[in-house]
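Asks: Below is the structure I would like to discuss, written out as structure tokens.
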Amino acid sequence: MTIPPSLSTVGFWPACAMIAAIILLSTAGEVLTAAAMKSIGDLDDIRAISGMKGAIRAVVTCPLFFAGVSFLALAFFSLLFALNHLNLSLVAPASASLTLVTNAIAGKIFLKENVDRRRWTSAVLVCIGVYLLAH
Amino acid sequence: MAQHHLSPRQYLILGLVALCAPLGDSCLSRGMTHLPPIVLSHPLTLIPAVFTPWIALGIALLLAFFASYLTALSWADLTFVLPATAFGNVIVALFARFWLHEAISLERWAGIVLITIGVGFVANGPSLTERPGAAADLPAAAAQPQEEQLR
């Protein structure tokens, strides 16, 4: 199993590890952030009652939000690291499309979202679409 | 699951989510490819990279994405918001085709069609999973910061 030298300066398995790290870290970050925002409530309602400062305070005083942001920051630095070794046309489609599927699974398991047939179909169509578009 | 209809303002926020992410990623890619190789043994070399113009612009766009993304997540499910982020790739591809006159292969047109159908699929459904008691909790959460302000 090899990756064309035009797409990668490293071997197949290091490239897979870099992409897997981005996917796992961003999925953890997005699920934790979504859980934080759900626990805070509708930001538009909060802003209507207590203004922009109140909305910002509600977000930055939520510990779950910081856990999510920490994972997203790790995902961001792993993306920067991967872009330094792999071509964008490899990293972007692989990480973006697979993250959609892992998030749908994590959303159903951890956030108890109603991921019905419509959302699974959408996740799979968008996943294939992103791969084709960015490949 | 009850239907949750979005207001025009909420669609605008989803539009910002869609547009800012791919533009930010493109700026990061342009910035990172112009830097010397970064090795795992010296991860701190990533920090000065943050202050180069293309990467700084990319970060500014990603911050705008994150603010609108958080707002969207406060009134919609993660599995509803995420396909919207992918629609940004379609906007960028159409922008490249019709404004920059770049060629788009048959594969990419197929990708555009699939993403559009996928986003249309999820956008026609409910945006939020109904939870018993959630409606009663929300006003309490919203009122909390106001009560703190009055003290």
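Asks: Check the stretch A:50-58 and report whether any residue there is surrounded by 17 or more Cβ atoms within 10 Å (Cβ to Cβ) and either in contact (Cβ under 8 Å) with a residue 40 or more places away in the chain or at positive phi (or both).
Replies: no
Asks: Do we find a residue being closer than 22 Å to A:Lys38 by Cβ and in a helix (DSSP H, G or I) anywhere in the stretch B:21-43? Talk me through it step by step, then tell me what you get.
Replies: Within the stretch B:21-43, the subset closer than 22 Å to A:Lys38 by Cβ is B:21.
Now drop any that are not in a helix (DSSP H, G or I), which leaves B:21.
Yes: one or more hits.
Asks: While we're here: Tell me yes or no: at least one residue of the stretch A:91-113 is crowded, with 22+ Cβ neighbours inside 10 Å, at the interface with another protein chain (Cβ under 7 Å from one of its Cβ atoms), in a helix (DSSP H, G or I) and over 13 Å from the mean Cα position of the chain (by Cα).
Replies: Scanning the stretch A:91-113 turns up no residue that is crowded, with 22+ Cβ neighbours inside 10 Å, at the interface with another protein chain (Cβ under 7 Å from one of its Cβ atoms), in a helix (DSSP H, G or I) and over 13 Å from the mean Cα position of the chain (by Cα).
Asks: Test A:Gly68 against the criterion of being more than 7 Å from chain B (Cβ to nearest Cβ), surrounded by 19 or more Cβ atoms within 10 Å (Cβ to Cβ) and at pLDDT 85 or above, and give yes or no. Quick ask: steps written out before the conclusion?
Replies: Details: more than 7 Å from chain B (Cβ to nearest Cβ): yes; surrounded by 19 or more Cβ atoms within 10 Å (Cβ to Cβ): yes; at pLDDT 85 or above: yes.
Here the answer is yes, as A:Gly68 does meet what is asked.
Asks: How many of the residues in the stretch B:72-108 are under 11 Å from the mean Cα position of the chain (by Cα) and touching a residue at least 24 places away in the same chain (Cβ under 8 Å)?
Replies: 9
Asks: Still on this structure, please answer the following. Which residues, counting only those in the stretch A:36-53, are among the hydroxyl-bearing types (Ser, Thr, Tyr) and facing chain B (nearest Cβ under 7 Å)? Full working, then the answer.
Replies: Taking the stretch A:36-53 first, the residues among the hydroxyl-bearing types (Ser, Thr, Tyr) are A:39, A:50.
Matches in the stretch A:36-53: A:Ser50 only.
Asks: Let me ask something else about it. Do you know which residues across the stretch A:74-90 are aliphatic (A, V, I, L, M) and within 11 Å of chain B (Cβ to nearest Cβ)?
Replies: Correct list: A:Leu79, A:Leu80, A:Ala82, A:Leu83, A:Leu86, A:Leu88.
Yes or no, residue by residue, for (1) of a type in the set (A, V, I, L, M); (2) modelled with pLDDT of 85 or more; (3) in contact with a helix residue (DSSP H, G or I) (Cβ under 7 Å, 6 or more places away or on another chain):
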position	(1), (2), (3)
B:Thr71	no, yes, yes
B:Leu94	yes, no, no
B:Glu102	no, no, yes
B:Leu138	yes, no, yes
B:Ala142	yes, no, yes
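Asks: Of the residues in the stretch B:88-102, how many are crowded, with 20+ Cβ neighbours inside 10 Å and either polar (S, T, N, Q) or under 10 Å from B:Ile112 (Cβ atoms) (or both)?
Replies: 3
The values are calculated or read from the model by the stated rules, or taken from the named source; none is laboratory data. Please read all numbers here as calculations on a predicted model, not as lab measurements. With ideal geometry, Cβ positions are generated from the backbone for all residues, glycine too; neighbour counts draw on all protein chains shown.
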